[in-house]
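Notes to accompany the following structure.
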Amino acid sequence: MYILKHIPDDFIVTEVSTIIPKLEGKFIYFTLKKTDFTIHEALRRLAKELNLPLKNFSYAGIKDRRAITEQVCGVSGVTKEQLSRVNIKDIQIEFLGYGSDPVHVGDLEGNQFKIIIRKIEKLPIINAKFRNLFGEQRFSTQNVGIGRFLLQRKFKEAAELIAVKDVHLSKIMHVDASTKDFVGSLRRIPRKQLLFFIHAFQSHLWNNAAMKTKEGELPLVGFGTVVEDKSTKQALAQENIKPRDFIIKELPEISAEGGIRNVWAQASNLSVGKFEPDECFEGKKKVKIEFFLPRGCYATEFIKQAMNVPQQLLQSL
């Protein structure tokens with residue numbers, strides 16, 4: 001079985017941003033380079049160091065944790081000089097400029113990857129085309145379950161599961177035996193982070209449909225989505241969820257719209273390096289591959305499909 005991310009240096013991600021810094025503005029744009037941190041963990045450290053609310057920070061996309069990643073972020077309420085004095089192990093900051101808006105989700109063309117695949121015995125046959133599934137970092141350990149509880153209006157269960165998953169969020173919510181207002185507790189979590197649980201469940205639904213479809217694109221179900229294809233209908237029925245469930249009246253700020261996602265994606269600038277001895281696993285080999293993926297595509301899925309190549313994933317190639 002191959003191994004990814006044995007060490008953070010095995011998985012290097014560089015965001016190709018669409019942000020254009022200016023000479024002035026309310027927001028500071030900076031490059032965040034992090035090693036073995038989630039974006040949320042890294043920004044929490046920055047917020048604490050700068051004595052700022054976490055909501056002052058913004059970013060375009062989620063990056064892998066067990067990796068070295070570089071991406072553009074935004075922040076308000078701080079000076080360039082204060083930002084330059086930040087000193088956190090495994091987090092580097094580079095000032096880029098200013099702007100009038102925060103960095104929005106999707107403000108990127110895609111990501112460039114340099115990945116080492118370890119503990120292999122033969123060179124993989126890399127096909128640039130792959131099924132565009134959401135990757136593991138979208139789901140983490142409990143994200144789908146939390147999103148499901150939120151959509152089911154099981155706010156007590158959602159809050160309790162979040163408290164188990166994340167000690168930091170547990171402290172923010174103040175969930176304990178005396179808690180009765182679970183909606184109020186959930187509302188203490190930053191909106192973007194709470195909405196991420198809903199998006200994880202949307203992605204889970206989409207993956208279940210995409211694995212079975214022959215369509216070229218499928219709806220990412222949210223409120224107002226008209227579902228016509230068989231695969232998405234089956235995925236919704238299996239979860240006993242309807243599009244209107246994505247309107248959450250108790251927490252309207254995390255009601256989620258739908259969208260459309262291509263079932264297939266394509267890597268570009270693909271290169272496969274030399275087949276070399278693996279210094280971490282005796283008797284095994286390693287290979288380094290480099291490629292670019294458009295925004296919303298997951299390198300872990302690209303590699304997984306290239307290495308495993310199940311028959312159902314090869315259909316329509």
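Laid out as a table, the results:
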{"read-out": "Filter result for I289 (touching a residue at least 40 places away in the same chain (Cβ under 8 Å), assigned to a loop (DSSP other than H, G, I, E, B), surrounded by 15 or more Cβ atoms within 10 Å (Cβ to Cβ) and within 26 Å of the chain's Cα centre (by Cα))", "value": "no"}
{"read-out": "Some residue of the range 216-234 being over 24 Å from T141 (Cβ atoms), surrounded by fewer than 19 Cβ atoms within 10 Å (Cβ to Cβ) and touching a residue at least 40 places away in the same chain (Cβ under 8 Å)", "value": "yes"}
{"read-out": "Only one of K55, K22, K5 that is touching a residue at least 24 places away in the same chain (Cβ under 8 Å) and within 16 Å of F95 (Cα to Cα)", "value": "K22"}
{"read-out": "Subset of the range 166-181 [touching a residue at least 12 places away in the same chain (Cβ under 8 Å), farther than 13 Å from L194 by Cα and either in contact with a strand residue (DSSP E or B) (Cβ under 9 Å, 6 or more places away or on another chain) or of a type outside the set (S, T, Y) (or both)]", "value": "H168, H174, V175"}
{"read-out": "Residue within the range 152-165 that is modelled with pLDDT under 95 and polar (S, T, N, Q) present", "value": "no"}
{"read-out": "Test: D36 is under 20 Å from R138 (Cβ atoms) and surrounded by fewer than 20 Cβ atoms within 10 Å (Cβ to Cβ)", "value": "yes"}
{"read-out": "Hits in the range 224-278 (condition: among the basic types (K, R), within 30 Å of V16 (Cα to Cα) and either over 24 Å from the mean Cα position of the chain (by Cα) or assigned to a loop (DSSP other than H, G, I, E, B) (or both))", "value": "K274"}
{"read-out": "Options G97, G106; residue that is in contact with a Lys or Arg (Cβ under 7 Å, 6 or more places away or on another chain), closer than 18 Å to H199 by Cβ and surrounded by fewer than 19 Cβ atoms within 10 Å (Cβ to Cβ)", "value": "G106"}
{"read-out": "Filter pass, K214 being among the charged types (D, E, K, R) and outside any helix (DSSP H, G or I)", "value": "yes"}
{"read-out": "Hits in the range 19-61 - residues which are part of a loop (DSSP other than H, G, I, E, B) and in contact with a helix residue (DSSP H, G or I) (Cβ under 6 Å, 6 or more places away or on another chain)", "value": "D36"}
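Here is a yes/no grid of residues against (1) surrounded by 20 or more Cβ atoms within 10 Å (Cβ to Cβ); (2) under 18 Å from the mean Cα position of the chain (by Cα); (3) more than 18 Å from V105 (Cα to Cα):
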{"position": "M1", "(1), (2), (3)": "no, no, yes"}
{"position": "E24", "(1), (2), (3)": "no, no, yes"}
{"position": "F27", "(1), (2), (3)": "yes, no, no"}
{"position": "E49", "(1), (2), (3)": "no, no, yes"}
{"position": "A60", "(1), (2), (3)": "yes, yes, no"}
{"position": "R66", "(1), (2), (3)": "no, yes, yes"}
{"position": "C73", "(1), (2), (3)": "yes, yes, no"}
{"position": "I91", "(1), (2), (3)": "no, no, yes"}
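The values are calculated or read from the model by the stated rules, or taken from the named source; none is laboratory data. If you're wondering where the values come from, they're calculated on a predicted model, not measured in any experiment. Virtual Cβ from ideal backbone geometry, glycine too; neighbours counted across all protein chains shown.
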